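Below you'll find the structure, written out as structure tokens, and then a few comments.
The values are calculated or read from the model by the stated rules, or taken from the named source; none is laboratory data. This is a predicted model, so every value here is computed, not measured. Methodologically, a virtual Cβ is constructed for each residue, glycine included, from the backbone with ideal geometry; neighbour enumeration extends over all protein chains shown.
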Amino acid sequence: MNLRDLLINLGRLSPRRYTATKCGHRTKRTGRVSAFGRTITTKMPINENGSVDYCLDCIGKMAIRCAWCGNPIFIGKAVTIGLPADDFKVPKYAVAYKKNPPQFVGCLSWKCADVGAGRAGFWMPGKNGKGYVER
């Protein structure tokens, strides 16, 4: 465990709660977020109102799955955008970035992205409670 992870884990112990300005739920600033069988610990940024935008549960609901490997992509994580090969069967959970030509959102794992230079943006919370690719 590195120093950053230690500080995030210590932050989880804080009794302080915020009312998220966009979803309205009460939440901690730091905590666990789960989606598709994976759990991460995250620290929410403070907004201009001195609160957080979304609760940890809503952030977890905004996670998507990589079109290529199926691993979860959490809010704030880097993403790639790729064109599928002609013989690729697009899974139902794949998130399209563009429809024509079809481009899908993927993760930066070694089996999905050849090099880190393939980073196309970040998966960020959208105004509608769903995530989007911010470039």
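Could you give every pair whose Cβ atoms fall below 7 Å, whose first residue belongs to the range 43-60 and is loosely packed, with under 14 Cβ neighbours inside 10 Å, and whose second residue is hydrophobic (A, V, I, L, M, F, W, C) and assigned to a loop (DSSP other than H, G, I, E, B), counting only separations of at least 6 or pairs across chains?
Ile46/Val52
Which of the following residues is surrounded by fewer than 18 Cβ atoms within 10 Å (Cβ to Cβ), more than 20 Å from Asp5 (Cβ to Cβ) and not assigned by TED's automatic domain parsing to the domain that holds Asp5: Arg119, Arg26?
Selected residue: Arg119, the only one of Arg119, Arg26 that is surrounded by fewer than 18 Cβ atoms within 10 Å (Cβ to Cβ), more than 20 Å from Asp5 (Cβ to Cβ) and not assigned by TED's automatic domain parsing to the domain that holds Asp5.
Kindly check whether there is at least one residue in the range 100-107 that is surrounded by 14 or more Cβ atoms within 10 Å (Cβ to Cβ) and of a type in the set (Val, Ile, Thr).
Taking the range 100-107 and keeping what is surrounded by 14 or more Cβ atoms within 10 Å (Cβ to Cβ), we get 102-107.
Now drop any that are not of a type in the set (Val, Ile, Thr), which leaves 105.
Yes; the residues of the range 100-107 include at least one that is surrounded by 14 or more Cβ atoms within 10 Å (Cβ to Cβ) and of a type in the set (Val, Ile, Thr).
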